[in-house]
């Protein structure tokens, strides 16, 4: 996160990329592309797989999540942060989570209305992010957005593995559904927070 002249955190910055054209496909960006490449395999093994819990789909999903952690860590430690990476990384995250949730609706492990709210928020933020990028502005994710991502990863993982079960009590949801509830609430809060930042810095007349 950038800091201004007074030493305070600045959640918004003008996009700058001094890297050479060859740096666009550096290791962090390649890991991001790998994450996108893994998405269809998660869908295939989750929907086509008959076993519950589905360990194959769960392993592929966690591998994709690992690339998300690795690309950010490598980019920061080796100073390979590029504008392409800043824009591509959140798109890969949204694609991974959204498609996994939609597949979970298909196999009956996630409520459709909750997934619609989460995915709708992701599409709206992607649209706002695109408008901001067209004006060379990058709005950084808030702490709410980071917690949302953690809740989504936990929810998807637990729902894929179908753990823990409902214990035969109808009004007690599974741990995966509890995490999905948390992800939905954080999605709404972080979405409002992002919109307020967007409204302050974007010139809609441009």
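Within the stretch 129-141, restricting attention to residues that are surrounded by 18 or more Cβ atoms within 10 Å (Cβ to Cβ) and part of a helix (DSSP H, G or I), which residue is farthest from the chain's Cα centre (by Cα)? Looking at residues that are surrounded by 18 or more Cβ atoms within 10 Å (Cβ to Cβ) and part of a helix (DSSP H, G or I), I get 132. Sub-6 Å Cβ pairs linking a first residue in the stretch 141-162 that is within 14 Å of residue 103 (Cα to Cα) to a second residue that is outside any helix (DSSP H, G or I), at least 6 apart or interchain, are 159/109; 159/110; 160/54; 161/53; 162/52; 162/53, ordered by first then second residue. In the condition set (1) surrounded by fewer than 20 Cβ atoms within 10 Å (Cβ to Cβ); (2) over 23 Å from residue 159 (Cβ atoms); (3) modelled with pLDDT of 85 or more, residue 40 is compliant with all but (2). Would you call residue 91 modelled with pLDDT under 90, assigned to a helix (DSSP H, G or I), under 20 Å from residue 158 (Cβ atoms) and in contact with a helix residue (DSSP H, G or I) (Cβ under 9 Å, 6 or more places away or on another chain)? For residue 91, the condition - modelled with pLDDT under 90, assigned to a helix (DSSP H, G or I), under 20 Å from residue 158 (Cβ atoms) and in contact with a helix residue (DSSP H, G or I) (Cβ under 9 Å, 6 or more places away or on another chain) - is not met. Filtering 12, 81, 34 for residues that are in contact with a strand residue (DSSP E or B) (Cβ under 8 Å, 6 or more places away or on another chain) and either modelled with pLDDT of 80 or more or closer than 20 Å to residue 133 by Cα (or both) leaves a single hit, 12. Looking only at the stretch 83-90, decide whether some residue is more than 23 Å from residue 40 (Cβ to Cβ) and surrounded by fewer than 20 Cβ atoms within 10 Å (Cβ to Cβ). Yes, that holds for at least one residue.
Every residue, every condition in (1) under 20 Å from the mean Cα position of the chain (by Cα); (2) modelled with pLDDT of 85 or more; (3) not in a helix (DSSP H, G or I), yes or no:
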| site | (1), (2), (3) |
| --- | --- |
| 113 | yes, yes, no |
| 147 | yes, yes, no |
| 157 | yes, yes, no |
| 167 | no, no, yes |
| 176 | yes, yes, no |
| 186 | yes, yes, no |
| 199 | no, yes, no |
| 203 | no, no, yes |
| 206 | no, no, yes |
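Residues considered: 22, 58, 108. Of these, the only one that is in a helix (DSSP H, G or I), modelled with pLDDT of 85 or more and more than 20 Å from residue 139 (Cα to Cα) is 58.
The values are calculated or read from the model by the stated rules, or taken from the named source; none is laboratory data. It should be emphasised that the depicted structure is a prediction, and the values quoted were computed from it without experimental measurement. For neighbour counting, all protein chains shown are included, and Cβ atoms are generated from backbone atoms with ideal geometry for every residue, glycine included.
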